[in-house]
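Working notes for the structure below.
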Ligand SMILES: O=C(O)C1=C[C@@H](OP(=O)(O)O)[C@@H](O)[C@H](O)C1
Ligand SMILES: C=C(OP(=O)(O)O)C(=O)O
């Protein structure tokens, strides 16, 4: 098992470009795999989760090739995979691909690692089956077998704020016999909608309503994937909590459905400035300069959570260094991520000597005003974000934190230790 020890570190300095966005990378590969012609993807995220999606697509005969720094995707019809598709740790990969496969009237068996195998797949299978998909699962979990099916027109009111569910249904809709309409109560990341339009799909968004009309021919595109705001969150919080630090984070994607953390940190007193706003891969990006800041506790409402759903563990670390109490509501969905992130976040705070309380769907953290003891051990349990959040806590604490199972970090941010060391963090493995 890989162990990473995060030692109390000096100020962080310099400039870094964190790896590319995971959500966009999965979607670029999948749309390339059903489009006509060649899709060229510059600066795709080369990390475990995205590579799992790439190899699953290859199993259908889709050509996914790395040529220098460019990934190219092309297809001339899908064939039946010879083996089960192993999606590893990737929830996005598994759920979106189930929708895509359904829309192609293809068949496949999906498996995954121990973490993915305990996550609910029924949230996509139930609506997909209502659209006509024939599928079997182990109690709504992996392994899942999908049979070639005819997909029907469908209207769905989202029962849960999930971009993965929404995306799976839209991707299935590419092969439906009529429109697919999805109504969200809480808006979630819209990369599938943006990218489907860019590839030529007939898709319309009106407030919280999305309508996809099948039949348009998708054409291969050339795109470049900007830096992942969910990965930028870790060096950002590390910079804020370590006195004397200043770090520039280049080309960070600023889709408003992804930047809830940045707004919350600013409300806590974080100094984060933005320069050079421009467009990349169909999204707004900017270079962010982060300066260490005295943070104060804040209250986060449930309606704010979807825009920072993957950033809660590291937000909790920022709260541990703040002055006063932070309360975060609406954390139900955290329980079905790579680990039970509500329990895992509380456990990592306690391992670092920070007191906190949890309820069914909330977390309350007693800020220490910068005096986090540290000195504990955290087991990632296959959860990259828990591993990185624990490492950030250790960098700012009085005593080191040990992260067991640190190899999990490779699913989204393989260069985490190297980039953080380059900025001045003391990490040993
Ligand atoms: O669509 C996506 O790319 C994602 C959606 C979110 O999951 P949910 O749809 O389960 O909220 C998020 O947690 C995940 O990391 C990526
Ligand atoms: C929840 C996450 O990813 P996924 O659902 O794709 O495994 C994440 O990256 O934090």
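No value in this document is a laboratory result; all are computed from the given coordinates. None of the values given here were measured: they were computed from a predicted structure. Using ideal geometry, Cβ is built from the backbone for each residue, glycine included, and neighbour counts are taken over all protein chains shown.
Which of the three applies to region 169-232, rounded, prolate or oblate, going by the alpha-carbon gyration tensor with a ≥ b ≥ c and a/c under 1.5 meaning rounded? Here region 169-232 falls in the oblate category. If R0 equals 51 Å, the separation of the Cβ atoms of residue 148 and residue 350 corresponds to a calculated FRET efficiency of about 0.55.
Pair-distance distribution P(r) for region 1-132, from all Cα-Cα distances in 10 Å bins starting at 0: 11, 37, 30, 14, 6, 1 percent. Using the Stokes-Einstein relation with a Kirkwood hydrodynamic radius computed over Cα pairs, the translational diffusion coefficient of the chain at 25 °C and a viscosity of 0.890 mPa s comes to 113 µm²/s.
Here r is the Cβ-Cβ distance between residue 204 and residue 177 and R0 is 22 Å; the resulting FRET efficiency, rounded to 0.05, is 0.75. On a 0 to 90° scale, report how tilted helix 22-32 is relative to the longest principal axis of the chain, with both axes built from alpha carbons and the result rounded to the nearest 10. Between helix and principal axis, roughly 20 degrees. Here the mean projected area of the convex hull built on the C-alpha positions of region 302-369 is 4.0 nm².
If I take R0 = 22 Å and measure r between the Cβ atoms of residue 15 and residue 277 in this structure, what FRET efficiency does the formula 1/(1 + (r/R0)^6) give, to the nearest 0.05? About 0.80, to the nearest 0.05. Cα centroids of region 48-88 and region 224-239: 26 Å apart. State the antiparallel share, in %, of DSSP beta bridges confined to region 22-224, rounding to the nearest 5. Looking only at bridges with both residues in region 22-224, the antiparallel portion is about 70 percent.
Each DSSP beta bridge with both residues in the chain is either parallel or antiparallel, and the antiparallel ones are about 70%. What is the distance in Å between the Cα centres of region 111-143 and region 354-429? Taking the Cα centre of each part, region 111-143 and region 354-429 sit 31 Å apart.
Calculate how steeply helix 48-59 sits against the longest principal axis of the alpha-carbon atoms of the chain, using the helix alpha-carbon long axis, and give the answer as 0 to 90 degrees to the nearest 10. Orientation of helix 48-59: about 10 degrees from the principal axis. Here each label is just a point 7 Å from Cα along the line to Cβ, and for residue 141 and residue 216 those points are 3.9 nm apart.
Take the Cα of residue 82, go 7 Å toward its beta carbon, and the backbone nitrogen atoms of region 93-120 under 16 Å from that spot belong to 109.
In the elastic network of the chain, a GNM with C-alpha springs shorter than 10 Å, the most mobile of 223, 393, 171 is 223. If a/c stays under 1.5 just call it rounded; otherwise compare a/b with b/c (prolate if a/b is bigger, oblate if not). Do that for region 292-427, with a ≥ b ≥ c from the square roots of the Cα gyration tensor eigenvalues. Oblate, because a/c is 1.5 or more while a/b does not exceed b/c.
Of 40, 27, the sequence from fewest to most neighbouring Cβ atoms within 10 angstrom is 40, 27. Most fluctuating residue of 76, 404, 221 in a GNM of the chain with Cα springs under 10 Å: which is it? Looking only at 76, 404, 221, the biggest GNM fluctuation is shown by 76. Helix 163-173 axis versus longest C-alpha principal axis of the chain: approximately 10°, rounded to the nearest ten. The fewest-to-most ranking of 25, 20 by surrounding Cβ atoms within 10 Å reads 20, 25.
Each Cα pair under 8 Å and six or more residues apart adds its sequence gap; the mean of these over the residue count of the chain is a relative contact order of 20 percent. Shown for 49, 139, 381: other C-beta atoms within 10 Å of each C-beta, ranked fewest to most, produce the order 139, 381, 49. Rounded if a/c is under 1.5, else prolate if a/b beats b/c, else oblate: with a ≥ b ≥ c from the C-alpha gyration tensor eigenvalues square-rooted, which is region 22-224? Cα axes put region 22-224 in the rounded bin.
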